[in-house]
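The values are calculated or read from the model by the stated rules, or taken from the named source; none is laboratory data. Here the structure is a predicted model, which means the values were calculated and not measured. Cβ coordinates were reconstructed from backbone atoms using ideal geometry, including for glycine residues, and neighbour counts include every protein chain displayed. Please note that ligands, DNA and RNA were not included when accessible areas were found on the heavy atoms of the full protein model with its side chains. Shrake-Rupley method; radii C 1.70, N 1.55, O 1.52, S 1.80 Å.
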Amino acid sequence: MTIWIQASLLTLQANTKHLNVTLNGGVFIFAKLCYNIIMIYLDHAAATPVSSKVLKTMEPYFTDQFFNPSAAYLPAKKVAAEYEAAKGEIAHAIGAKATDLVITAGATEANNLAFSAVGDGKVLYLETEHDSVRKVAEQYDGKSIRVLSNGLIDMDDLKAKISDDVVLISVALANNEIGVIQPLSEIAGVIRDVKFDRLKRGVKTPLYLHSDASQALNLLDISVARLGVDLLTLNAAKVYGPKGVGALYVSHDVKLSPVSYGGGQEKGLRAGTENVPGVIGFAKAISEAKEHLNGNRKKYANLRKILLSEIKDYELVNKKHALDNFVVLCFDGIDAERLIYLLEDKGVYVSTGAACAASKGLKSHVLTALGLSDSQITGSLRLTLGETNDEEQIHEAAKLINEAVASEKARING
Ligand code: PLP
């Protein structure tokens, strides 16, 4: 094993037999794996590597083009214009304008900002939402909307819970544990009817639809108009862009409160010097994602099919309505945490669900909401496909997963 130590900003190409990915960052130690050790990364819902094209686009803005966009001289004004153009590119990918976006430090912050629309009103959120929605909804005394056993929103429960004081409804476009895609335009239709009814009865409370689209950008063609959303969260870190960069689309009639106060950047809603390289990288990443949407969907559908046909003795948790790159398998009676460690030993990286919940050993609220038993939840493994995967890797991963499950069964049966 060779150890490389590099300081300052750098780019490393890790060309192992099964991984070809560009790594970037500050000071770190990189352990280069021997050529006979495989690495198969199947956790793209947790993080995606920054693509080499994205990294290349960002680089000048760390060095030559380092200027503060708020400064008065010409080179800074040029950077400010490029920042705005990048925002325009991000907005264009969802059918919006640069002025509709507030750039944030990731999806968590965008979700928190979206909830500032609530004021003194009430909120509803889907029970399977990511913690960055659930926890902020709790601050507003939010009520959850149930899902059906297939993970889709229970429309009857939604309709029953929209009381006259509800201001915000938050439903993720695609779930981060099971990839289930919600029928947002149908939900927007229900909201339109409620708004019309409120108007007729003289009820002045506004009603907004917010959606967290963090996981969907790679696989769905997103248009805010088609979805019928008032607020939409985007996340660069899930589309081969940099971590800690996100955006909130805000429709013109929604009033928000600042997440930070200071120099008035981002229309005064999120003060602080703009993350120019991050936004430039996000724009490139989202444009790349949009360009390769159809090819990626086909690729992941094929890889998913291979996994499902070669892995043995599982029950598929996300049978329908899921993003093509999400495969959630239940090995009832097995501890999936143990499978993760066995697979890690073989160079295969998978997860049991949301990275933040899994790291705290919490039981998945998403799988609980689907009605899975405790032993089914314990036995569930999330595989999320991405650009680093190919067919050869997937055959190998299926074989290694079968071996890990067989060895766990043998251990349990003594
Ligand atoms: N929302 C969803 C659906 C996610 O999957 C994630 C991250 O996993 C987040 C929000 C939080 O994103 P970040 O950690 O970039 O703020």
What does DSSP give for the range 52-291 in terms of the percent of beta bridges that are antiparallel, rounded to the nearest 5? 45 percent
Furthest towards positive pole of dipole, 136, 60, 369, structure part the chain, Cβ charges: 60
Helix-only [θ] at 222 nm, the chain, -39500 (n - 2.57) per DSSP H run of 4+, per residue, nearest 500, equals -11000 deg cm²/dmol
Just to confirm a number: summing +1 for Lys and Arg and -1 for Asp and Glu over residues other than residue 157 whose beta-carbon lies under 11 angstrom from that of residue 157, what do you get? +1
The local net charge around residue 340, scoring Lys/Arg +1 and Asp/Glu -1 for residues other than residue 340 whose Cβ lies under 12 Å from its Cβ, equals -3
How large is the dipole of the chain about the Cα centre if only Lys and Arg carry +1 and Asp and Glu carry -1, each at its Cβ, rounded to the nearest 20 debye? 540 debye
Could you work out how much longer the chain between residue 135 and residue 392 gets when fully extended? Use 0.36 nm per residue separation minus the Cα distance between them, nm to one decimal. 88.5 nm
Among 290/319; 87/135; 97/290; 243/346; 312/399; 195/255, which pairs are too far apart, with a Cα-Cα distance over 20 Å? 290/319; 87/135; 243/346
With a sphere of radius 15 Å drawn around the Cβ of residue 74, what net charge do the other residues whose Cβ falls strictly inside it have (Lys, Arg +1; Asp, Glu -1)? 0
Per-residue HN-Hα couplings for the range 225-230, Karplus 6.51 cos²θ - 1.76 cosθ + 1.60 at θ = phi - 60°, whole Hz, x for Gly and Pro? 5, 5, 6, x, 8, 9
The set of residues whose placed amide H lies less than 5 Å from the amide H of residue 245, leaving out same-chain residues fewer than 5 positions away, is 106, 236, 237
Any idea which of 190, 96, 412 is furthest toward the positive side of the dipole for the chain, if Lys and Arg beta-carbons carry +1 and Asp and Glu beta-carbons -1? 96
To the nearest 10 square angstrom, how much accessible area does residue 342 have with a 1.4 angstrom probe? 50 Å²
